[in-house]
Structure formats: structure tokens, C-alpha cells
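Here is the structure we will look at, set down as C-alpha cells.
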Amino acid sequence: MTDTALVIGGTRFIGRHTVADLLANGYEVTMLNRGNHEDPFADDDRVTHVEGDRKNERDLETARLAAEPDIVIDCVAYQPADVATATDVFADVDGYVYISSGSSYAAEHVPKREGVTPLEPCTPEQAVDDDHATYGNRKAEGDREVFAAAEAGVNAAAVRPCIVYGPYDYTERLDYWIDRVLTHDRVVVPGDGQNLWHRAYVEDVASALRIVAERGE
């Protein structure tokens with residue numbers, strides 16, 4: 001029997017590589033998204049596309065029924081309510097993985113440790129915001145929604161990537177620094193030169209998401 005996966009998102013960067021990794025590991029994949037971006041898997045019969053809004057619980061239910069997923073990778077949960085709804089809808093899957101962020105951390109500990117390094121607080125007002133300034137707060141509250149779901153028996157986990165780079169990165173964050181090296185005699189150094197900017201290659205992040213969904217850690 002073929003394993004099945006639902007990817008919420010899946011067309012742009014981390015989600016796109018996650019779909020590719022799942023396919024390479026024998027999964028049948030369903031993607032749920034609004035269809036606002038070109039679908040790189042439109043011609044791949046191993047991938048089913050369900051058009052819908054992840055903020056709509058009925059659309060999540062439709063995708064669940066269409067995919068009957070063993071695992072779910074949630075790429076586009078930007079408010080904690082999104083995570084709370086998803087962990088409820090997908091409470092019975094073998095693994096639900098929420099892509100959180102290193103921005104969830106409230107302290108620049110080196111290294112950061114689970115249960116030791118604090119997470120950002122999140123007020124009710126921040127929880128429903130969509131401004132970049134509250135991104136870390138909202139991601140941290142999404143983590144806490146995952147913790148609560150896990151304590152209630154849901155196979156839910158959160159992964160907090162650092163700065164992700166690789167093909168199809170629409171933010172072009174790494175491209176900026178490469179361009180500086182290629183075109184300028186002097187390169188801008190962040191902060192005082194002691195800053196640590198850890199990066200993770202997108203294909204490694206994608207495989208890590210799958211492994212966490214399969215194994216729970």
C-alpha cells in the first residue's frame with residue numbers, strides 16, 4: 001500500500017521541495033492551496049491538487065477526505081488559529097508537522113535548546129495580526145498550539161528551520177550576499193561581525209520534515 005501525504009501549500013519554495021522529496025520516497029501527494037501560484041507538479045499524475053483556502057475548515061476537511069493522508073506537512077500556517085484548526089482536522093493522522101521558524105525564539109542563545117531557550121510571547125492582538133513585526137510571536141504561539149495538541153494525543157510536531165536557502169527561494173536572501181561578493185569590492189557585514197547566521201539547504205529541510213512526520217522526531 002502506497003503512503004499518502006497532504007502538503008498544505010507546496011508550490012513555491014520549502015513546500016515545493018517537500019513535495020519533490022515525498023515523491024522521491026514513494027508517496028502519493030495531495031496539495032491544498034488557493035492556486036495563486038503556478039503549480040510545478042501540474043503534469044505529474046502522482047500529485048493531486050485540491051484548490052482551497054487553508055483558513056477555511058471545510059476546505060481542510062475536503063483535502064483530508066480527498067487525500068486520506070498518512071502524514072500532513074503544513075507549510076503556510078502564519079497565525080496560531082490556523083494551527084489549532086489543522087491539528088483538530090488532522091488529529092488522526094500518523095504525523096502532522098507544522099513548519100515554524102527560528103524567529104519563534106525570544107533569546108539569541110548559542111546554541112538554542114528546547115525547553116531552555118524561551119519562545120516569543122504572543123498577545124491576542126498579535127495572534128491575529130499579519131505584520132512582519134509579529135511573525136515570530138505568531139509562529140511561537142503556533143508552536144504552543146502544537147504542544148497542546150500533542151499533549152492531547154495528536155501526533156503533532158513543530159520544526160523551526162533557520163535561514164533556508166536553495167533553488168526557487170523567492171526571497172533571494174542568499175542571492176543578495178552572492179551578488180555583493182560578485183559585484184562589489186567591499187561586502188556589508190551584518191552587525192559587528194560576530195553574528196551567527198545559520199543556514200539550512202532547502203532539500204535537507206524538506207527531508208527533515210518528512211522524517212519528523214514519519215518518526216515523530
Residue ID - most open to solvent (accessible area, probe 1.4 Å), chosen from residues in the stretch 25-83 that are within 22 Å of R210 (Cβ to Cβ), aliphatic (A, V, I, L, M) and in a helix (DSSP H, G or I): A66
Quick check on the stretch 130-139. Is at least one of its residues outside any helix (DSSP H, G or I), in contact (Cβ under 8 Å) with a residue 24 or more places away in the chain and not basic (K, R)? yes
Would a scan of the stretch 103-111 turn up a residue that is of a type outside the set (D, E, K, R), surrounded by 11 or more Cβ atoms within 10 Å (Cβ to Cβ) and part of a strand (DSSP E or B)? yes
Residue within the stretch 9-16 that is over 15 Å from the mean Cα position of the chain (by Cα), assigned to a loop (DSSP other than H, G, I, E, B) and surrounded by fewer than 22 Cβ atoms within 10 Å (Cβ to Cβ) present: no
Here is a check on your reading of the model: is W177 in contact (Cβ under 8 Å) with a residue 24 or more places away in the chain, outside any strand (DSSP E or B) and among the hydrophobic types (A, V, I, L, M, F, W, C)? no
Considering only residues that are touching a residue at least 60 places away in the same chain (Cβ under 8 Å) and more than 14 Å from Y165 (Cα to Cα), which ones fall in the stretch 183-206? L196
Filter result for the condition that a residue is within 21 Å of E57 (Cβ to Cβ), more than 18 Å from the chain's Cα centre (by Cα) and hydrophobic (A, V, I, L, M, F, W, C), over V116, V128: V128
Does T87 fit the bill of being surrounded by fewer than 19 Cβ atoms within 10 Å (Cβ to Cβ) and of a type in the set (V, I, T)? no
In the stretch 122-153, what residues are under 23 Å from W197 (Cα atoms) and surrounded by 11 or more Cβ atoms within 10 Å (Cβ to Cβ)? T134, Y135, G136, N137, R138, K139, A140, D143
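The values are calculated or read from the model by the stated rules, or taken from the named source; none is laboratory data. Source: prediction; values computed, not measured. Note: ideal-geometry Cβ built from the backbone for every residue, glycine included; neighbour counts use all protein chains shown. Areas reflect the complete protein model, heavy atoms only, side chains present, ligands, DNA and RNA absent. Shrake-Rupley method; radii C 1.70, N 1.55, O 1.52, S 1.80 Å.
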